[in-house]
Amino acid sequence: KTLIDELEMSKFTEEVVKAYPKKVAKKRSKSIVINDPDSIPQIQSNVRTIPGIITQRGCTYAGCKGVVLGPTRDIVNITHGPIGCGFYSWLTRRNQTRADKPEMDNFIPYTFSTDMQDSNIVFGGEEKLKVAIREAVELFNPKGIAIFSTCPVGLIGDDVHRVARQMKEEFPGVNIFGFSCEGYRGVSQSAGHHIANNGLYKHLIGRNDNPTRKYKYAVNVLGEYNIGGDAFVIEDLFERIGVDIIATMSGNSTLEQFETAHTADFSLVMCHRSINYVAEMLETSFGIPWAKANFIGAEATAKTLRKVGQYFGDQELIDRIEEVIADEMKAVNAAIEKARAKTEGKTAMMFVGGSRAHHYQELFSELGMETLVAGYEFGHRDDYEGRRVIPTIQIDADSRNIEEITVYPDPTRYKPRKTEEELAQLREAFDIEFNEYKGMMNDMKKGTLVIDDLSHYEMEKLIELYKPDVFCAGIKEKYVVQKMGIPMKQLHNYDNGGPYAAFEGAINFYKDIEMIACSTIFKQMKAPWEREEVLEAEYVFN
Ligand code: CFM
Ligand code: HCA
């Protein structure tokens, strides 16, 4: 009997479904499945959270401004809205940047907002936005300014795109553009990613044909946000194998990187959920193929580097890659051996965004730890079930999830590098060889639980029933989980740790997990509700 058989993961479904009101139970049970990698079950995802449920999710504005555009250092990102939205999407994610020359702009240490007040809601906020833009130009003289709409902006009808156009006329040298990424536009951050991707394409990508190139081959690294310095480690690795990174989207990035992304030879896609639209657009318009990549885990990193070698088919590059892998694996193996003596056989659960709950399972399995349950906050079915994404407009009346349609650029503005026919051929051969279209469920064991948009109630039940050795999620879960006596690791901002990407990052992760999963301190803790009498709340359903 395996550990998973013994734990009887089906107990969870029964208990949770029993506790919910009938309608809620019916809806939630479609998002809770027992996995079978040989015959992957359908999972309901990317649908509206049931009102009243405490969700881990964030909003569309968070996905657009905080996630995709936020990590760029030389665009002034102005939040048009009340101050809270700008403040809470500012640096809690720990996206880093390297602006180590005096001539480099770096606006990441600032949060820019129009700080809308009641009077702006009543009389309109466009004038205040113009004042903010003028002030930003006067103080910082930036190359670009992006405006992000928050919920009230959509409700009162301020037109951020019109303001952007007017301000561009006033300041012709500055690229000024807006995003209609009001928080309520989608069911989660996911719609914000799509809106951001369209904006990147419309306003930035393809505007500069002269990238800085050192080497013969060049790639884009898409869906890597430099949390805790991950992108720095990846950049160092590419320097060692002698391949240029034209654009990282958007960790440690600049406006120039976006503008020249169309000159790369190949796109590697780390977080597919947040940037697949740009990857598809670069392939369709410029004939730049993309492949899924994963720099989380030493084995996964080696596999990704080998894909790069295979793509360019250059023996010298392939040899260099093998040398780097062999060299790095020495330290990795020594670190695994040391940590694994303590971590082997321990268990983990992880609930994060739209790709990390999958990617981080690699690192845990390198430590000999089993992932019992995992889920995304806002992944789509392909992120779970591993099918090819075809960007489409999705209108689901029941879930009220209205996704943006992917905007392909006007072909007269760009010169595609490949014909339609060449592209079709390339896609067919390439996808089979390079894109495995694997989702999280392909890589999880039979009998494990997969849960989409986990509720707070479900989280507590999971912990009560299966007592994992480590629980991974975000800040909303952190302290409740720790008070329950379970070590908790944030996989969004890595708490204060990282980098965790590539070989160097893997070693950091092994050490950090060994430290928390094997610590006895949490077991000695008593939560406030265990120490003193508390009023018990009772759910009343009708
Ligand atoms: Fe992609 Fe991300 Fe993630 Fe994401 Fe996010 Fe993030 Fe995340 Mo937090 S882009 S989907 S919207 S990997 S911010 S860097 S950690 S939820 S799993
Ligand atoms: C976001 C950002 C977030 C939040 C993390 C958390 C991040 O989606 O708005 O809830 O702890 O990674 O910073 O996902």
Here is a check on your reading of the model: is VAL534 assigned to a helix (DSSP H, G or I) and of a type in the set (Val, Ile, Thr)?
no
Condition met for THR49 (out of contact with any helix residue (DSSP H, G or I) (no Cβ under 7 Å at 6 or more places or on another chain), within 16 Å of ligand 2 (Cβ to nearest atom) and of a type in the set (Val, Ile, Thr))
yes
Inside segment 267-302, can you point out the residues that are in contact with a strand residue (DSSP E or B) (Cβ under 7 Å, 6 or more places away or on another chain), more than 15 Å from ligand 1 (Cβ to nearest atom) and not aliphatic (A, V, I, L, M)?
SER267, GLU283, PRO289, TRP290
Looking only at segment 188-199, count every residue that is touching a strand residue (DSSP E or B) at 6+ places or on another chain (Cβ under 8 Å) and surrounded by fewer than 24 Cβ atoms within 10 Å (Cβ to Cβ) and tell me the total.
1
For segment 247-263: of the residues being surrounded by 24 or more Cβ atoms within 10 Å (Cβ to Cβ) and in a loop (DSSP other than H, G, I, E, B), which is farthest from ligand 2 (Cβ to nearest atom)?
ASN252
Based on what the data block shows, is ASP512 among the charged types (D, E, K, R) and crowded, with 20+ Cβ neighbours inside 10 Å?
no
THR260 - would you say it is hydroxyl-bearing (Ser, Thr, Tyr) and free of Cβ contacts under 8 Å to residues at least 60 places away in the same chain?
yes
Run down ALA374, ALA326 and say which single residue is within 16 Å of ligand 1 (Cβ to nearest atom) and at negative phi.
ALA374
Residue match in segment 469-488 (condition: in contact with a Cys (Cβ under 9 Å, 6 or more places away or on another chain), within 26 Å of ARG94 (Cβ to Cβ), assigned to a strand (DSSP E or B) and not β-branched (Val, Ile, Thr)):
yes
Among the residues of segment 398-407, is there at least one that is out of contact with any strand residue (DSSP E or B) (no Cβ under 8 Å at 6 or more places or on another chain), among the small types (Gly, Ala, Ser) and modelled with pLDDT of 65 or more?
no
Give me the pairs, please: first residue somewhere in segment 347-369 and within 24 Å of GLU6 (Cβ to Cβ) and at pLDDT 95 or above, second residue anywhere and in a helix (DSSP H, G or I) and within 16 Å of ligand 2 (Cβ to nearest atom), beta-carbon distance under 7 Å, and either six or more positions apart or on two chains.
MET350/ALA357; MET350/TYR360; PHE351/ALA357
Just wondering, is there one or more residues in segment 344-361 that are under 30 Å from ASP36 (Cβ atoms), within 16 Å of ligand 1 (Cβ to nearest atom), surrounded by 21 or more Cβ atoms within 10 Å (Cβ to Cβ) and among the β-branched types (Val, Ile, Thr)?
yes
Restricting segment 169-194 to residues that are assigned to a loop (DSSP other than H, G, I, E, B) and aliphatic (A, V, I, L, M), the one nearest to GLY70 (Cα to Cα) turns out to be VAL174
Select from segment 184-242 the residues that are modelled with pLDDT under 95, away from ligand 2 (no atom under 16 Å from the Cβ) and among the hydroxyl-bearing types (Ser, Thr, Tyr) and list them in ascending order.
TYR201, THR212
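The values are calculated or read from the model by the stated rules, or taken from the named source; none is laboratory data. This one's a predicted model, so the numbers in the text were calculated from it and none came from an experiment. We place every Cβ from the backbone using ideal geometry, glycine too, and count neighbours over all the protein chains shown.
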